[in-house]
Amino acid sequence: MRSTHFLLRLFTLILVIASWSRQVAHASPVELSFASHTTFWPNSGDEHLDLTTAFVPQAPAELVPTRTLKARPTTVYRPRSLEALHRARLRSLYEGESEVVEWDRVDIVGPDIEDKHTLAQLARMSGNAYALPGQHNWYDVDAVWNTSFPFGWEGSEGFRGHVFLSSDNSTIVLSIKGTTLNGPTSKKDKFNDNLLFSCCCARVDISWTFRTVCDCYAHNWRCDDPCLTEALIQDSLFYSIGVKLVDDLRHLYPGANIWLVGHSLGGALASLLGSTYGLPAVAFESPGERLAATRLHLPLPPAENSNHSPVAVTHVYHTGDPIPQGSCTGFGSVCAQAGFALETRCHLGKTIVFDTVRKLGWRVDVRRHVIRDVITKVIELDDVEWEEGREVPLARAEVDCIDCYKWEFGPFKDEDRVSFVVEGASSTSEPVNVSRFTSLFATLALSFVSVVSGAAVLPRSAKDVFVPTITSPTAETVWTMGQIATVTWDASNAPVNISNGASVYLKGYGTLVKGFDLRSGAVNVTVPYVWSSVVNPDTPQRIILFGDSGNESPDFKIKFDPHGSAPPTSASASASA
């Protein structure tokens, strides 16, 4: 009998120790160690770099290669079938019918958001979604993360950013760009901001009567829900594009840990995509996206011990920025004057709040929204104890948060009368478009300045026209991303004097090299990371050799080799004899 009791006690003790060990394992951060990488920078011959400048591999110089990034065991909930999740979402979106989605609890390695250096690195990656390496607004990251390739920069006017790879491809960080005020993506950025983060079609005051992102306002603080649902189906919504990109990454790196990061609009998209796929996401200074998830009919894993869905999303913002707090609103706000209705403040997941108003004496100012301030003046700031004994505040769930409490939502409008105003066009009637009058006035003003200044078109000087035939690449050519390739052409009949400069342009991407002598007959270029060829190696590519006029090459291929050898560490785009 005594031996039986002894065995029972021993077995109970083993179970207690095992349970305690699992708890420690889930709470203790680990370090991700990777081999060093080659850095890819654009060709920096010009002081002001073009967004389409070629990538030139160079050895890391000023960077201090920190070889570890802290991570910790993270529990996520993933849909058992992505097909079933998408089907359930679309069924709810289009037909208003619910469908059960089964979720699996999965333990993965996620970022340690309580570690200051890790958080700062993710913020820098978020900032880099706005630029290309070598530009003045590119932030240095640890050398092990300097291998990345851009997406959406190939003539795109919307969803773009970077994919950062660890040296063994075990961890992928998808960084999504936020809103750009003045640039090729500005129009669609603004449309997505106002559709996702406004209470009702970006209708804030009388100025929005002439230009809204949808026509769902039903008077007296009422908004038509079916109309909002229809508006979210529009193809210009970035969420749908992000779903396709994450699908591609999961197909290319089936065994990798994928983390999502972003700033502002990019952070909200990272959160929505992370919630869809059960991936860790860190969002910086993002408007509240909880209402957007509801309007997108996004299935979320069921809550366990609270009212919040257990998604692995962490929002990071400071109290000096009104945008993530939903307070940059109203007739006199800077946001409304700029045409933005950023009214939501409730976030998915948990939130880390740096109290810069109390700790640093900051005023609430929308100019503090920029990622630069978040990185250099908040997260990386030394000698500040944000909470007792903590360099990073504790992540907490937002309790009792309500969006758009003044509004009433329901089926308030006849579906036959619903119209959508997207990019100035209406399906029922043509609305008054104030922007057209503004553009006309600006055009007339510029014309007046030109006349008054007496500007004249100067006659072009005589030039020797030279249109050489490209001899390489050919239809059989396959370039490898990150490697040096040589473009050649027939220079046998080149004139002695050539007035125009020369450049090599990759269609759909941009300039690879410029400023060389057309008489040389050859020039070296660094093959850029082209997302379309990463996804589909059979995508046809074509270069144009510019001189006096453009001459195109045949279609050829560009391949991405994630397991290939590192490119040369000292090379430049220079002409070869």
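The values are calculated or read from the model by the stated rules, or taken from the named source; none is laboratory data. It should be emphasised that the depicted structure is a prediction, and the values quoted were computed from it without experimental measurement. So basically every Cβ, Gly included, is an ideal-geometry build from the backbone, and we count neighbours across all protein chains shown. Calculation scope for accessible area: heavy atoms of the full protein, side chains included, ligands and nucleic acids excluded. Shrake-Rupley method; radii C 1.70, N 1.55, O 1.52, S 1.80 Å.
Answer with yes or no whether W153 is open to solvent by 10 Å² or more (accessible area, probe 1.4 Å), over 25 Å from L85 (Cβ atoms), touching a Lys or Arg at 6+ places or on another chain (Cβ under 6 Å) and not hydroxyl-bearing (S, T, Y). Judged against the criteria, W153 is a match. Restricted to helices (runs of 4 or more DSSP H) entirely inside segment 330-413, those with at least 3 residues that are crowded, with 19+ Cβ neighbours inside 10 Å are 371-374. Just one of the listed residues (L119, L90, L132, L85) is modelled with pLDDT of 95 or more and of a type in the set (A, V, I, L, M), and it is L119.
For the residues G242, G255, G288, the requirement of being outside any loop (DSSP other than H, G, I, E, B) and either more than 27 Å from I379 (Cα to Cα) or of a type outside the set (S, T, N, Q) (or both) singles out G242. Within the bounds of segment 69-77, is there any residue that is in a strand (DSSP E or B), modelled with pLDDT of 85 or more and surrounded by fewer than 18 Cβ atoms within 10 Å (Cβ to Cβ)? The answer is yes, given that some residue of segment 69-77 is in a strand (DSSP E or B), modelled with pLDDT of 85 or more and surrounded by fewer than 18 Cβ atoms within 10 Å (Cβ to Cβ). Being touching a strand residue (DSSP E or B) at 6+ places or on another chain (Cβ under 6 Å) and assigned to a strand (DSSP E or B) holds for only one residue in L85, L174, and it is L174.
The set of residues from segment 291-326 being more than 25 Å from R72 (Cα to Cα), outside any loop (DSSP other than H, G, I, E, B) and not aliphatic (A, V, I, L, M) comprises T294, R295. Can you find even one residue in segment 136-156 that is under 21 Å from F340 (Cβ atoms), in contact (Cβ under 8 Å) with a residue 24 or more places away in the chain and in a helix (DSSP H, G or I)? Checked segment 136-156: no residue is under 21 Å from F340 (Cβ atoms), in contact (Cβ under 8 Å) with a residue 24 or more places away in the chain and in a helix (DSSP H, G or I).
Give the residue that is modelled with the lowest pLDDT, with candidates limited to residues of segment 461-489 that are polar (S, T, N, Q) and in a strand (DSSP E or B). Lay out the reasoning, then the answer.
So the first thing to find is which residues in segment 461-489 are polar (S, T, N, Q), and the list is 461, 469, 471-472, 474, 477, 480, 483, 486, 488.
Filter once more, so that each one left must be in a strand (DSSP E or B): 471-472, 480, 486, 488.
Values: T471: 93, S472: 94, T480: 90, T486: 94, T488: 94.
Top of the filtered list is T480.
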